[in-house]
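Reading through the structure tokens given below for one structure.
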Amino acid sequence: MKIATFNINGIKARIDALPQWLDEAQPDVAILQEIKSVDEGFPRELFEDRGYNVETHGQKSFNGVAILSKLALEDVTRGLPGDDSDDQARYIEATVVGDHSSVRLCGLYLPNGNPAPGPKYDYKLAWMQRLEDRARALLAEETPFLLTGDFNIIPQAEDAATPDAWREDALFRPESRAAWRRLLALGLTEAFRARTQGPGHYSFWDYQAGAWNRNNGIRIDHFLLSPAIADSLRDCQIDKDVRGREKPSDHVPVWVDLDL
DNA sequence: ATGGCGCCCCGAGGGCGA
């Protein structure tokens with residue numbers, strides 16, 4: 001089962017590039033972030049015509065997540081538990097059933113958190129604590145799951161072309177990376193690093209200052225696999241070439257192939 | 001790593017992202 005994550009930076013702006021990538025990459029599941037659309041405004045027919053079931057959790061102008069799946073999506077829930085006052089659309093869950101096992105898909109758009117320190121950074125760290133709590137609950141009930149999406153976390157210095165430029169940034173500050181390591185310490189497997197070592201692998205290049213042409217990128221889009229499905233990992237790749245196309249998002253797709 | 005880019009919004013320039 002091929003499962004991809006892709007921060008598309010606006011569905012209206014990616015109305016051609018997203019279907020084009022889907023048609024060639026042929027993921028069974030695509031988990032999207034930053035659709036920047038309300039649910040009613042999401043062009044679901046575009047994907048339904050390609051055989052995808054569509055579940056969205058959107059809001060006006062900002063944020064918004066979605067799951068496209070060629071397999072049926074069951075028990076869809078919207079929003080990250082733990083704060084009823086949080087009205088930002090950043091989280092969606094659904095279950096897909098494979099040939100011999102099912103998996104709970106947790107699609108997330110983790111807050112950026114800049115400027116740090118400050119209230120936006122506090123929100124990011126609190127959100128990460130809620131995510132950890134949610135992962136603990138899924139582990140406790142022995143539900144096989146994966147967390148994927150735009151984590152807005154640079155895990156290590158090797159995940160940035162210019163790490164020194166990020167030292168004070170919310171994506172790389174010690175508290176952010178400590179929260180990331182607490183997730184891993186639950187026993188979760190980071191899919192990309194289970195397959196590929198070393199620097200130079202990025203999933204985001206800023207639109208500004210020629211970042212793409214200079215390969216000044218960061219790796220912030222991730223898959224975390226629960227212990228029950230970690231052994232089913234067959235492959236994990238970054239579709240880097242998508243960044244060099246016509247009217248690209250600033251992120252590129254990352255995908256896993258799981259034997260489910 | 002921000003001046004620079006690009007997206008959003010009923011309309012123009014400010015908020016936001018990373």
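Scan segment A:50-61 for residues that are within 16 Å of DNA strand B (Cβ to nearest atom), more than 16 Å from the chain's Cα centre (by Cα) and at negative phi and report the count.
Qualifying residue count, segment A:50-61: 2.
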Self-check item: Among residues of segment A:1-49, those that are assigned to a loop (DSSP other than H, G, I, E, B), over 26 Å from residue A:233 (Cα atoms) and either more than 9 Å from DNA strand B (Cβ to nearest atom) or hydrophobic (A, V, I, L, M, F, W, C) (or both), counted
Solution: 9
Quiz item: Condition test on residue A:223, is it closer than 19 Å to residue A:21 by Cβ, within 11 Å of DNA strand B (Cβ to nearest atom) and buried (at least 17 other Cβ atoms within 10 Å of the Cβ)?
Solution: no
Quiz prompt | Filter pass, residue A:254 being touching a helix residue (DSSP H, G or I) at 6+ places or on another chain (Cβ under 9 Å), crowded, with 24+ Cβ neighbours inside 10 Å and under 20 Å from residue A:32 (Cβ atoms) | solution = yes
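Every residue, every condition in (1) in contact with a strand residue (DSSP E or B) (Cβ under 7 Å, 6 or more places away or on another chain); (2) within 15 Å of residue A:248 (Cα to Cα); (3) among the aliphatic types (A, V, I, L, M), yes or no:
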{"site": "A:3", "(1), (2), (3)": "yes, no, yes"}
{"site": "A:16", "(1), (2), (3)": "no, yes, no"}
{"site": "A:42", "(1), (2), (3)": "yes, no, no"}
{"site": "A:53", "(1), (2), (3)": "yes, no, no"}
Quiz item: If only one of A:71, A:105 is more than 16 Å from DNA strand B (Cβ to nearest atom), hydrophobic (A, V, I, L, M, F, W, C), outside any strand (DSSP E or B) and touching a residue at least 40 places away in the same chain (Cβ under 8 Å), which one is it?
Solution: A:71
Quiz prompt | Of residues in segment A:144-174 being surrounded by 17 or more Cβ atoms within 10 Å (Cβ to Cβ) and β-branched (Val, Ile, Thr), the one nearest to DNA strand B (Cβ to nearest atom) | solution = A:154
Quiz item: Under 8 Å by Cβ, and 6 or more places apart or on different chains, what pairs join a residue from segment A:135-155 that is charged (D, E, K, R) with one that is within 16 Å of DNA strand B (Cβ to nearest atom) and outside any loop (DSSP other than H, G, I, E, B)?
Solution: A:150/A:5; A:150/A:7; A:150/A:33; A:150/A:108; A:150/A:109; A:150/A:221; A:150/A:251
Practice problem: Considering each residue of segment A:89-101, count those that are under 14 Å from residue A:3 (Cα atoms) and surrounded by fewer than 17 Cβ atoms within 10 Å (Cβ to Cβ), and give that number. | Solution: 2
Quiz prompt | Top-ranked residue in segment A:67-88 [being within 20 Å of residue A:29 (Cβ to Cβ) and touching a helix residue (DSSP H, G or I) at 6+ places or on another chain (Cβ under 9 Å); ranked as surrounded by the most Cβ atoms within 10 Å (Cβ to Cβ)] | solution = A:68
Quiz prompt | One residue from A:125, A:138, A:80, A:131 being part of a helix (DSSP H, G or I) and more than 30 Å from residue A:198 (Cα to Cα) | solution = A:138
Quiz item: Scanning for something closer than 28 Å to residue A:61 by Cα, of a type in the set (A, V, I, L, M) and in contact (Cβ under 8 Å) with a residue 12 or more places away in the chain, does segment A:160-168 turn up at least one residue?
Solution: no
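Every number in this text was worked out from the coordinates using simple rules, so none of it is lab data. In this text, all values refer to a predicted model and were calculated from it rather than measured experimentally. Positions of Cβ are generated from backbone atoms using ideal geometry, with glycine treated the same way; all protein chains shown enter the neighbour counts.
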